[in-house]
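Here the structure is laid out as structure tokens; the discussion comes afterwards.
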Amino acid sequence: MGVTVTVDDSTGGEGLLRAPLVIEYPFNRTTGPVVGAFVSALRDRRVLGIRAADGRVVCPPVEYDPQTGAPLEEMVEVAATGTVTTWSWVPEAREGQPLQTPHALALVQLDGADTSVLHVVDAPGPEALSTGARVRIRWAAEPTGAITDIECFELDGGAS
Amino acid sequence: MTVDPSEDRSVSVLPDDLWTQPTPSVPVDLGDEPVRRQVVPGSMRYDYTPGLASSRFLRGLAEKRILGERCPETGEVYVPPRGVSPVSGLPTTEQVEVGPSATITAFCVVHIGFGVNAPPTPFVSALFLPDGAAVSLYGTMGEIPYDEVRIGMRVEPVWVDDDQLTESMENIRYWRPIDEPDVPAEQLKGHM
Amino acid sequence: MRDVAIVSVAQSQHRRAAAELNEVEMIQPVIRAALDQVGATISDIDFTCSGSSDYLAGQAFSFVMTLDAVGAWPPIVESHVEMDGAWALYEAWLKIQTGAADTAFVYSYSKASPGDLPRVMSRMLDPYYAGPLWPDSVAYAGLQARAMLDAGVTTEQRMAEVAHRNREAARNNPNAQVVGSASVEDLLAAPMFSDPLRVHDCPPISDGGVAVVLAAGDRARDWAERPAWIRGIDHRIDSHQVGARDLTTAPSVAIAAQRAGVDGAFDVAEVHAPFTHQEQLVLDGLGLGDDVVVNPSGGALAANPMMAAGLIRLGEVATRIMDGSVGRGVAHATAGQLLQQNLVCVLEGGD
């Protein structure tokens, strides 16, 4: 001990040390009854919303009324078809995204719902998509009880 | 049907009326086993760089040297160094070799190991105060029965083979006792 | 209410990657500069509050490590928010209002460079409905831009003008990362990046931080010739359910502005709008007149260290009040995504 070195406040030309670091978050989350019902229904290729105090249907469903905070009481089924309310283009898919090809991120208001669900739309390019486009759910081949049971949305006939 | 909230994990112990679990009616049959839990996989990848002081420390380890850094105000030597003295908040600018002999300042007998790299249980994890340093390094004890480890015990690091040395804490495989008298606990005051 | 002022501000020279530094090495000079400017040591500070997020650099308990740079031994009264430092300042301001402190030190920082920031940002979303889709933050912002474009609330031309004005203003900001801009015409000729966003519509990814000293009453007058008094401060939040929001307005900005007393004439506004289309939403929410100089620093489009870019806005206004170049300003900070949560602060010179 006792050897003293004057430290040069740089990397000393040795280059930076680097190491890959992977952090995993394998949380096991309880769903509660509302999210649980929503994702259980997705397994059976059905979509549920929930009726808010003002009568509007919130989809995906929330537990408490967005205005009053009161617990909500009535889940309702909505359609597997809907309308794109806004969207953006994802030119290069990232790890974990539902589609690994270029696609659109979108908010889709399902028929029978008054709010929109976030998901992706499979489209050949941004020119094929527009706000107001009609889309329908493409179901995952092997449902697991998660939002990803919706594999993606696909264009339903011609864009409006 | 209605989902029975009693089958879900209790999420609140608030008195009545302060919290209500929603139990909405559901218009479709959810089957015998509605989803109650989800495991959503996900990992994040980082390109980690340790910083200037930690790089100096790790490069020292690759040469089997333990390099602390001195607080310019108090003179205390911190190891592993982070680049800043935790007492004065000033940058540490003088590198000081400490150890390799060290003193145990705290230990724990581990009976349940976590992670893929945990040694066979029971083992002893401990804090090792290298000679000349103000703070301790974490590591595990070897070459001694777990029930013979003591605070104040004198130890030295056991390094990996020379051809295995890298810029890594894993260069120290474990620590083992050396034939020196224990350091009295009162001399470790301020370092525990 | 007690009179509380910002009396010192320091920030880093923001850059894409401070790869050679760990977080404490990066923030230490900033912390030291903010204290040195008023001749203070940590023993003169009654309360310290920081803002950071472990997700950004993948560094567990990052804020505990950076406390070393404060000199937190013997132990100090300390707190932390996993939010932009503007909210750490809000907590410190509250602490002073309670009378439990007369002085406070606030800092925030991030190193986003070790990770894939647009992907990391998806971890702040709803873990059931949005998180499993891993939406990146640029495409996510594009949803809001498209909604505004469709509604006629903004235009691509206006978005490009915002990019141009901010980055040209950054020429006068020694801490800016992206300085100068091509002409609006040339910006609009560039291809789409994440349609409807072009590269110029997006903030840079930045490593950096900021530190601020707060003091009440006479202590502020001792420490600064011209303290930047906090005349009003408030923060509000919109729904986390993105599909239930009207993305063409920012109601929480408007309410926070009203509660913070945004009224009358201002010399300067610093707003935290990482994407070009968001500046207009914030300005509309603040309800400022056309005569106000907006983002003389270049804003978050010139440098966007996560967790710090909001507090920097307060710092930029305060710095101008302290150097006497302006008398009254408004600063805005945002958190969450798509301007979900907003803080507004009115700062003023004088006694």
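We did not get these values from a lab; they are worked out from the coordinates using the rules stated. What you are looking at is a predicted structure, and each value in this text was computed from that prediction instead of being measured. Quick reminder, even Gly has a Cβ in these numbers, built from the backbone with ideal geometry, and neighbours come from all protein chains shown.
Restricting C:GLN177, C:GLN258 to those that are under 30 Å from A:ARG56 (Cβ atoms), more than 14 Å from every other protein chain (Cβ to nearest Cβ) and among the polar types (S, T, N, Q) reduces the list to C:GLN258. Across segment C:298-351, the qualifying residues are those that are basic (Lys, Arg) and more than 14 Å from the chain's Cα centre (by Cα), and the one among them that is surrounded by the most Cβ atoms within 10 Å (Cβ to Cβ) is C:ARG320.
Of all residues in segment C:16-36, those that are farther than 17 Å from A:LEU16 by Cα, surrounded by fewer than 18 Cβ atoms within 10 Å (Cβ to Cβ) and touching a residue at least 24 places away in the same chain (Cβ under 8 Å) total 1. For segment B:58-69, a tally of residues being buried (at least 21 other Cβ atoms within 10 Å of the Cβ) and either closer than 18 Å to C:GLY71 by Cα or in contact (Cβ under 8 Å) with a residue 60 or more places away in the chain (or both) returns 4. Every listed requirement among (1) touching a Phe, Trp or Tyr at 6+ places or on another chain (Cβ under 9 Å); (2) more than 13 Å from C:VAL242 (Cβ to Cβ) is met by C:SER113 save one, (1). Output the residues belonging to segment C:237-257 that are touching a residue at least 24 places away in the same chain (Cβ under 8 Å), within 20 Å of the chain's Cα centre (by Cα) and either crowded, with 20+ Cβ neighbours inside 10 Å or assigned to a helix (DSSP H, G or I) (or both). Scanning segment C:237-257 gives C:ASP238, C:ALA250, C:PRO251, C:SER252, C:VAL253, C:ALA254, C:ALA256, C:ALA257.
Given the condition of a type in the set (Val, Ile, Thr), outside any loop (DSSP other than H, G, I, E, B) and in contact (Cβ under 8 Å) with a residue 24 or more places away in the chain, answer yes or no: does some residue in segment A:51-64 qualify?
Yes: one or more hits.
When segment C:37-78 is limited to residues that are surrounded by fewer than 16 Cβ atoms within 10 Å (Cβ to Cβ) and among the hydroxyl-bearing types (Ser, Thr, Tyr), the one that is nearest to the other protein chains (Cβ to nearest Cβ) turns out to be C:THR41. Listed conditions (1) among the aromatic types (Phe, Trp, Tyr); (2) part of a helix (DSSP H, G or I); (3) at the interface with chain C (Cβ under 7 Å from one of its Cβ atoms) are all met by B:TYR46, apart from (2). The set of residues in segment C:213-225 being more than 22 Å from C:ALA256 (Cα to Cα) and touching a strand residue (DSSP E or B) at 6+ places or on another chain (Cβ under 9 Å) consists of C:VAL213, C:ALA215, C:ALA216, C:GLY217, C:ARG219, C:ALA220, C:ARG221, C:ASP222, C:TRP223, C:ALA224.
The set of residues in segment B:81-131 that are within 14 Å of another protein chain (Cβ to nearest Cβ) and in contact (Cβ under 8 Å) with a residue 60 or more places away in the chain comprises B:SER101, B:ALA102, B:THR103, B:LEU129, B:PRO130. For segment B:93-136, taking the residues that are under 30 Å from C:PRO29 (Cα atoms) and part of a strand (DSSP E or B), the one that is farthest from the chain's Cα centre (by Cα) is identified as B:GLU94. Evaluated against (1) in contact with a strand residue (DSSP E or B) (Cβ under 8 Å, 6 or more places away or on another chain); (2) more than 25 Å from C:GLN11 (Cβ to Cβ), C:VAL153 falls short on exactly one condition, (1).
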